[in-house]
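A.B. asks: Starting off with a structure, shown below.
The values are calculated or read from the model by the stated rules, or taken from the named source; none is laboratory data. Remember, it's a predicted structure, so these values are computed and weren't measured experimentally. Heads up, the Cβs are rebuilt from the backbone with ideal geometry, glycines too, and the neighbour counts pull from every protein chain shown.
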Amino acid sequence: MPTRLCLLIALAVAMCAPAYGQMTDETTVPRISLADFKKALDAGQILVADVRDAASYAEGHIPGAINIPLDELQAKLPALKASKKPIVAYCA
């Protein structure tokens with residue numbers, strides 16, 4: 001796994017930040033270090049969403065990640081929020 005994943009969008013959904021499409025400055029999106037990500041993933045404390053298209057997901061993804069293409073993300077937000085876990089989304 002590369003040291004710098006595009007761990008983006010993310011925790012904002014679980015923290016009730018502005019809805020998808022309403023953020024104007026990506027620097028306001030909470031970030032997580034790779035070490036903290038691995039620890040939380042191993043402990044089952046986060047929901048990992050791969051926001052790439054289905055073909056890219058099928059070629060390879062983080063084990064345990066669910067595939068929610070970016071263009072479907074807004075429609076899936078209620079189900080994601082229901083998980084009650086912080087959400088980490090990635091695109092690379």
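A.B. asks: For region 52-76, give me each residue that is exposed (fewer than 13 other Cβ atoms within 10 Å of the Cβ) and among the polar types (S, T, N, Q).
C.D. replies: Result: Gln74, single match.
A.B. asks: Those residues that are modelled with pLDDT of 95 or more, under 14 Å from the mean Cα position of the chain (by Cα) and among the hydroxyl-bearing types (Ser, Thr, Tyr), I need them from region 15-74; list them, please.
C.D. replies: Passing the criteria: only Tyr57.
A.B. asks: If the requirement is being free of Cβ contacts under 8 Å to residues at least 60 places away in the same chain, surrounded by 15 or more Cβ atoms within 10 Å (Cβ to Cβ) and more than 17 Å from Cys91 (Cβ to Cβ), which of these qualifies: Ala40, Ala49, Ala35?
C.D. replies: Details: Ala49 fails: more than 17 Å from Cys91 (Cβ to Cβ); Ala35 fails: surrounded by 15 or more Cβ atoms within 10 Å (Cβ to Cβ).
The unique qualifying residue is Ala40.
A.B. asks: If you go through region 41-54, how many residues are more than 14 Å from Glu72 (Cβ to Cβ) and of a type in the set (A, V, I, L, M)? Before the answer, list the steps.
C.D. replies: Going residue by residue through region 41-54, those that are more than 14 Å from Glu72 (Cβ to Cβ) are 41-48.
From what's left, of a type in the set (A, V, I, L, M): 41, 43, 46-48.
Residues flagged as more than 14 Å from Glu72 (Cβ to Cβ) and of a type in the set (A, V, I, L, M) within region 41-54 amount to 5.
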